[in-house]
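Read through the structure below, which is laid out as C-alpha cells, and then see the notes.
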Amino acid sequence: MTPDAATSVARAVDELRRGQIVRVTSAGGDLDVLAVELADAAVLAQLEATDRAGLVITPRRAAVLHIVNQNAAAGQDVVWIERPVWLDLAETVAIADPGDDLRLPFKGPFRTIVPPATAAAQAGVRLAKLGGILPAVFAVASAAGEPLAVAAADVLSYARADRLRIVTRARLPLDGAPDSEVVAFRPAEGGPEHLALVIGPRGTTAPVLTRLHSACLTGDVLGSLKCDCGPQLRAGLVAIAAAGGGILLYLQQEGRGIGLINKLRAYALQDQGFDTVDANLRLGFEPDERDFAVAATMLRLLGVGQVRLLTNNPDKVASLAAHGIEVVERIAHSMPPNPHNADYLNTKRDRSGHYL
C-alpha cells in the first residue's frame, strides 16, 4: 500500500469518528457513508438529500436480529437493510446497538437487498471497525457534495502492521524489572501507538521469552476483577525478569480489538447474562478482532525471529508463525480465577480454545 493510500484510510477513519460523511469509491459504484452511532439528524438529512439511506450491518449483528433472508450464496459479508419511513434515526441506532435488545426484543420486519456497491459497503463497515465504533453505517449512492473520499480497495487492504515503525525508545525502570527499555511504535500514517518492553540483559537473545499483551485499561490500570488482564500483565513482567530477560509487547487492541467503548458495551451485555463471546457477536463483531501481525512486525523491527511465547492463546502462536516468527516453545501463563471472572475464564477455555 502506498503512503498516500494509507493516509487516505487514516483520514477517512478520523472523519467517520467525527460523525461526518465519507465517500467510499469502488469499481462497482460509490457510496456515501455515515456512522450510525455518531449520526445526528442534520448530517443524516444531508446524507439523504437525494435518496433514503440504507443501513449496513455485519452478518453477526444480522444473525442476532434473525435477519436470514440475505443471500449468503452471493458472498456478501455485510447486510444491507432498506429503511422504511418508520425506521427513523433513533430506531436505526437501536438496531445497531444491542444495549436494549432484551428490553425491546422485537425489531423489524426488515427487507434486505444485495448491496448496490458491495466493496464500498464492506469498506464502510471496516472503517467503523478501524475507528473503534459500532460496525454499522448509513449508506446511500453518492450524489451531490464533495465529502472526503477514500477508495474501497485501499480500506479493505489496509493493514497497520505494513507501515509500523519505531518512533522512540528510552530506559524505563519497572517495578520488579529495573533493567528495562521501552520502545514505541506507530503506523507511519498515524494511529494507535504500541509499546515493547525490552527487559533484562538477555532481552533480545534468541529464542526470546515473549509475551503479547493487549491493552486493557479496566484491568491493567483500574484493577478490574472481570478479567485476568491485570494479573497477566504483572505476572508476565515478573516471569520475564526472573528468566533474565525478554520482551513484553503492549498492543493497543483493547477489548480483543473492538475498542474501549465497545468493550464497555460488551460488559453491559455480560451484565444481562451473555458471555464474553456472545457479547461481541451481539455488537456485530467477530469473537476476536485483534491483529497479531502487528506483534510480528514489532518483533522483526527489534531483530527478533525466534520466541518462547508466554501464552494460553493458540491463536497467538498460529498468527506469529503465519507472519514469519518462529515459536520455539509455548509456555503456559494462567492466573487463578476470582468470583468475578470465573465464568469469563471458562468461556475463554470452552469457546475460544484457550489452554486453561
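The values are calculated or read from the model by the stated rules, or taken from the named source; none is laboratory data. Nothing here was measured: the structure is a model prediction, and the numbers come from that model. Cβ sites come from the backbone with ideal geometry, for glycine too, and all protein chains shown count toward neighbours. Surface accessibility is based on the protein's heavy atoms, side chains included, excluding ligands, DNA and RNA. Shrake-Rupley method; radii C 1.70, N 1.55, O 1.52, S 1.80 Å.
Could you work out how much longer the chain between Asp315 and Asp271 gets when fully extended? Use 0.36 nm per residue separation minus the Cα distance between them, nm to one decimal.
13.1 nm
Counting Lys and Arg as +1 and Asp and Glu as -1, what is the net charge of the other residues whose Cβ lies under 15 Å from the Cβ of His340?
Local charge sum for His340: -2.
Place a point 7 Å from Cα of Asn346 in the direction of its Cβ. Which residues in the range 266-285 have their backbone N less than 11 Å from it?
none
So how far, in whole Å, is the C-alpha centre of the range 23-55 from the one of the range 101-124?
Answer, in whole Å: 14.
Looking at the chain, identify the longest residue range that excludes and avoids all trypsin sites (Lys or Arg not before Pro) in DSSP loops having at most 15 other Cβ atoms within 10 Å.
Excluding the exposed sites themselves, the longest stretch runs over 203-356.
Out of the total accessible area of the range 206-356 (probe 1.4 Å, heavy atoms of protein only), what percent is carbon and sulfur?
Whole-percent figure for carbon plus sulfur exposure: 55.
Treat each spin label as a single point 7 Å out from the Cα along the C-beta direction, and report the Leu260 to Ala332 distance in nm.
Placing both labels 7 Å along Cα→Cβ, they lie 3.5 nm apart.
Could you sort Met1, Met335 by their accessible area in this structure, using a 1.4 Å probe and putting the largest first?
Putting Met1, Met335 in descending order of accessible area: Met1, Met335.
When the expected Rg is taken as 2.2 N^0.38 Å, what fraction or multiple of it is the alpha-carbon Rg of the range 1-139?
1.01
Given (i) 39, 24, 16; (ii) 39, 22, 20; (iii) 32, 24, 20 as candidate values of semi-axes √(5λ) of the Cα gyration tensor in Å, which corresponds to the one derived from the coordinates?
(i)
Pop out the ³J(HN,Hα) list for the range 53-64 in order, Karplus 6.51 cos²θ - 1.76 cosθ + 1.60 with θ = phi - 60°, rounded to Hz; leave Gly and Pro as x.
6, x, 10, 10, 10, 8, x, 4, 5, 4, 5, 4
Starting from 0.36 nm per residue, how many nanometres of slack lie between Arg171 and Thr2 once their C-alpha separation is accounted for?
Between Arg171 and Thr2, full extension yields an extra 57.5 nm.
Quick one: which residues, 5 or more positions from Gly191 or on another chain, have an amide H under 5 Å from its amide H? H modelled 1.01 Å from N in the peptide plane, none for Pro or chain starts.
Hits under the 5 Å cutoff: none.
Can you tell me the length gained on complete extension of the stretch Asp162 to Asp14, counting 0.36 nm per residue apart and subtracting the Cα distance?
Roughly 51.3 nm would be gained on extension.
I'd like to know how the range 101-239 sits against the 2.2 N^0.38 Å rule of thumb: what's its Cα Rg over that expected value?
Here the Cα radius of gyration is 1.51 times the empirical estimate.
Distance cut-off 18 Å, Cα to Cα: go down the list Lys263/Lys348; Lys107/Lys129; Lys129/Lys348; Lys316/Lys348; Lys226/Lys263 and report the pairs above it.
Lys107/Lys129; Lys129/Lys348
How large is the Kirkwood hydrodynamic radius of the range 197-356, counting all unique pairs of alpha carbons, in Å?
About 16.1 Å, per the Kirkwood formula over Cα pairs.
Any idea how far apart Ala41 and Ala206 come out in nm if each label point goes 7 Å out from Cα toward Cβ?
Modelled inter-label distance: 6.4 nm.
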